[in-house]
Each structure stands twice: as C-alpha cells, then as structure tokens.
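Some notes on the structure that comes next.
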Amino acid sequence: MCYGISIYLSESDTFNKNWMEKAAKNGFQYIFTSLHIPEEKNVDYVKQVKWLGKTAQEFHMEVMADVSPASLERLGLLFSELPSLTDWGISGIRMDYGFTAKQIAWLSHHLKIGLNASTIDEEELKKLMDEGLQPNQTEAWHNFYPKPFTGISKQSLYERNALFHRYGIKTMAFIQGDEQLRGPLQLGLPTIENHRHVSPALAALELQEMNTDKICVGDLNLMNKTLQELKYLMEGTVPLYADFNKGYEIFNNMVHSNRMDAAEYVIRSVESRQQLSHFQQEAHGLEVFNEGTITVENELYGRYAGELQICLKDIPADTKTNVAGRIKEESLSLMKKVGGGKRFVLLNSNVK
C-alpha cells in the first residue's frame with residue numbers, strides 16, 4: 001500500500017517543504033499537485049514546478065502533476081515536450097480533460113500516466129488500450145470533492161477500482177486531512193462523500209478494503225497523531241487507542257494479531273497467550289462487558305489464561321475474566337475493521 005500527500009503551489013515553499021519532510025519521515029512515497037486550480041493565481045508555475053520536483057527528489061518522493069491543455073501554456077510546453085518534465089523531477093502526469101486517446105497512449109510510453117478514474121468509462125478505456133496505452137505505466141486517479149454531498153459512494157469506487165484492475169491498472173483515491181483543511185471551503189477533500197466526517201485513518205482503511213492501491217491526503221497536512229496512525233496502516237497494522245487499568249500496561253504498544261478464525265463477538269489476541277504473565281482473579285462487579293472492553297482471562301480459565309480479548313459487542317461478564325481496560329471512543333470504528341488474521345496495536349491514548 002502506497003501513501004502520498006498533496007502539495008499546492010500557492011502555499012509557501014517553507015510550508016510545503018516542511019510538509020514533504022514530515023510526510024517522507026512517516027513513510028509517504030509520492031506527491032500529487034495540480035497545475036489548473038482556479039484559486040491559484042500569481043503563481044510562477046515553471047519556477048514552482050521545478051522547485052517541487054527538485055525538493056521531492058531530496059526526500060525520495062515521486063511527483064504526479066494534474067494537467068490540462070491550459071496547463072501546458074502555463075508551463076510553456078508543447079504536448080510533444082511533456083516527456084521533458086522528468087528533467088524537472090516530475091515522475092508523471094494525471095491527464096484530465098482536453099487530450100485525445102492517441103495522445104494519452106503515446107505519452108504512456110514516455111511518462112507515468114494518471115487517468116481520471118471517476119469519469120472514464122470502459123469504452124474509453126478500451127479505446128486507450130487499442131491505441132497502445134501501457135498499463136504498467138498507467139494509474140487511475142479518482143477526484144477529490146471540496147463541496148459537501150458531491151463525493152462518490154463506496155460502491156461506485158469499489159466498482160470502478162474493479163474495472164481498472166481488470167485492465168492491469170492500479171488506482172488511487174483521496175482522504176481528507178485533519179489539521180489544516182484547504183480553502184476556500186475548508187470542508188475536507190475526500191473522494192468518498194461518507195469519508196468527509198470520519199478520521200483519515202478510518203477513511204484510509206476503508207479505501208484499502210475497497211482494493212484501492214494508492215491513498216493520497218487531499219488537504220494541506222495532518223496532525224502528528226494521524227501520521228502515526230497512517231504509518232501503522234502502511235505496515236498492515238490497525239492502530240487502536242486504549243486506556244489500560246493498572247497492572248495491564250504490559251499490553252501497551254504491543255502488536256497483536258486477531259485469530260484467523262475470527263470470532264463474531266470478540267477480537268482474540270494470538271500473541272497474548274504467549275506472554276509469561278498470568279493474572280489472578282479480580283472482582284469487577286459487572287454483569288455485561290460492553291463493546292470496546294479489553295479483557296484478559298485470569299488463572300481460573302485454565303489453558304486460556306492470559307488471553308487478551310476486545311469485545312466487538314456487549315457480552316455477559318464472567319468471573320474468570322478480568323477487565324484490563326477499554327478502547328477509546330475514537331477507535332471503536334477502527335476496532336471493527338480488525339478481521340481474521342489482522343494485526344492491531346494498542347496505543348496509549350495520551351500520545352499526541
């Protein structure tokens with residue numbers, strides 16, 4: 001799974017460089033930028049694109065630039081000169097409107113190409129293939145949607161991803177940021193409308209579940225806490241914030257795996273029973289373990305002693321089971337994404 005960030009050339013070089021450095025340190029691998037945003041005025045595109053390409057190379061990040069025929073005028077380039085963008089440090093271009101199938105196919109032999117995944121249909125895709133489009137040089141990039149209620153549905157994205165995968169083309173979609181949202185609306189830049197008001201980590205995990213190959217942050221930046229969460233997701237681990245009761249701190253920051261034969265009611269940690277610690281019975285006075293409760297089987301549970309579980313639903317309490325802590329409210333949605341064999345980590349909820 002590959003993650004990227006968006007860079008807007010109207011922002012200051014200092015701001016953009018700091019964001020690139022922070023993202024690169026947290027495992028992000030590529031940059032998206034657009035060369036035809038109406039709000040971006042008084043931008044020296046040639047100077048800024050060359051600066052972006054050079055700076056991205058310092059952080060070992062690829063750059064994909066969104067272009068239109070009008071963008072070529074801003075760059076002072078003819079269409080046939082687009083391959084020279086590699087000399088500027090640009091890895092590829094997302095080609096929006098205004099280009100023919102023959103032009104796009106030709107360019108895929110010289111640059112990485114991004115198609116508009118949200119608008120192109122199968123007939124157009126077949127035409128591109130007939131013209132010689134190189135699938136291994138092509139990606140399908142979904143749009144982001146600044147205006148509320150205009151983003152696409154999960155079903156639509158899933159179906160369109162499947163379409164491009166049939167032709168051997170990888171896909172990309174956007175998640176919103178959470179620290180500084182981009183204007184003029186500042187309402188997030190997701191691809192899927194229902195992601196506008198969820199955490200970036202949950203949005204990213206759902207995009208992964210819909211077989212999206214690359215994920216890009218549409219907004220200006222992310223909080224450090226969110227960067228940490230996404231770094232875990234890149235490594236195939238679901239981050240869950242938790243509060244542990246005294247005596248159970250051993251499980252803090254420990255990476256667990258849910259059993260392959262995932263239970264309906266609980267997440268069962270494979271690794272917890274391999275620990276040497278065994279817990280004596282503790283009175284809890286509960287009749288029900290609520291959703292999000294973290295439990296550990298005590299010594300009365302025999303061979304199950306020491307097994308950590310997380311309640312996916314409310315279940316009857318048991319005297320053979322101790323209450324170790326609780327998943328934070330903010331992580332309950334992510335908790336439900338921990339399927340069979342999925343890794344997860346329990347993090348101190350005070351980490352900022």
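If you go through region 246-276 and keep only what is touching a residue at least 12 places away in the same chain (Cβ under 8 Å), polar (S, T, N, Q), within 20 Å of TYR301 (Cα to Cα) and not in a strand (DSSP E or B), you end up with SER272, GLN275. Mind listing whichever residues of region 284-317 are part of a loop (DSSP other than H, G, I, E, B) and in contact with a His (Cβ under 6 Å, 6 or more places away or on another chain)? Correct list: ALA305, GLY306.
When the criteria are applied in full, GLU229 fails the requirement of being among the acidic types (Asp, Glu) and in contact (Cβ under 8 Å) with a residue 40 or more places away in the chain. Taken over region 97-132, the residue count meeting the criterion of being out of contact with any Pro (no Cβ under 6 Å at 6 or more places or on another chain) and either in contact (Cβ under 8 Å) with a residue 60 or more places away in the chain or at positive phi (or both) is 2.
In the list PHE28, PHE32, which residue meets the criterion of being in a loop (DSSP other than H, G, I, E, B), at pLDDT 95 or above and under 20 Å from ILE93 (Cα atoms)? Exactly one of PHE28, PHE32 is in a loop (DSSP other than H, G, I, E, B), at pLDDT 95 or above and under 20 Å from ILE93 (Cα atoms), namely PHE28.
When region 68-98 is limited to residues that are touching a His at 6+ places or on another chain (Cβ under 7 Å) and either under 16 Å from VAL43 (Cβ atoms) or of a type in the set (Ser, Thr, Tyr) (or both), the one that is surrounded by the fewest Cβ atoms within 10 Å (Cβ to Cβ) turns out to be ALA70. In summary, GLN281 fulfils each of the numbered conditions (1) assigned to a loop (DSSP other than H, G, I, E, B); (2) crowded, with 19+ Cβ neighbours inside 10 Å with the single exception of condition (2).
Just to verify a result, which residue in region 76-96, among those that are more than 26 Å from CYS2 (Cβ to Cβ) and in contact (Cβ under 8 Å) with a residue 24 or more places away in the chain, is farthest from the chain's Cα centre (by Cα)? Talk me through it step by step, then tell me what you get.
Pass one, region 76-96, residues more than 26 Å from CYS2 (Cβ to Cβ): 76-81.
Of the ones still in play, those that are also in contact (Cβ under 8 Å) with a residue 24 or more places away in the chain are 76, 79.
Numbers: GLY76: 34, PHE79: 33 Å.
Once the filter is applied, the top-ranked residue is GLY76.
Only a single criterion out of (1) touching a strand residue (DSSP E or B) at 6+ places or on another chain (Cβ under 7 Å); (2) without any contact (Cβ under 8 Å) to a residue 40 or more places away in the chain; (3) closer than 28 Å to SER10 by Cβ is not satisfied by HIS197, namely (1).
Screening LYS17 with (1) surrounded by fewer than 17 Cβ atoms within 10 Å (Cβ to Cβ); (2) within 22 Å of the chain's Cα centre (by Cα) gives one miss only, at (1). The set of residues in region 99-131 being buried (at least 19 other Cβ atoms within 10 Å of the Cβ), under 23 Å from the mean Cα position of the chain (by Cα) and part of a loop (DSSP other than H, G, I, E, B) consists of ALA117 alone. Residues considered: THR55, THR100, THR86. Of these, the only one that is farther than 25 Å from ILE215 by Cα and polar (S, T, N, Q) is THR100. Considering region 296-352, and only residues there that are polar (S, T, N, Q) and over 25 Å from LYS231 (Cβ atoms), the residue that is surrounded by the most Cβ atoms within 10 Å (Cβ to Cβ) turns out to be THR321. Among the conditions (1) assigned to a strand (DSSP E or B); (2) touching a strand residue (DSSP E or B) at 6+ places or on another chain (Cβ under 6 Å); (3) within 24 Å of VAL338 (Cβ to Cβ), ALA173 misses just one, which is (2).
For region 221-251, which residues satisfy the criterion of being polar (S, T, N, Q) and crowded, with 16+ Cβ neighbours inside 10 Å?
Step one: of region 221-251, the residues polar (S, T, N, Q) are 221, 224, 226, 228, 237, 245.
ASN221, THR226, GLN228, THR237, listed by residue number.
Is it true that TRP106 is of a type in the set (A, V, I, L, M, F, W, C), touching a helix residue (DSSP H, G or I) at 6+ places or on another chain (Cβ under 8 Å) and farther than 24 Å from LEU205 by Cβ? Judged against the criteria, TRP106 is not a match.
The values are calculated or read from the model by the stated rules, or taken from the named source; none is laboratory data. In this text the structure is predicted, and so the values were computed from the model without any measurement. Cβ sites come from the backbone with ideal geometry, for glycine too, and all protein chains shown count toward neighbours.
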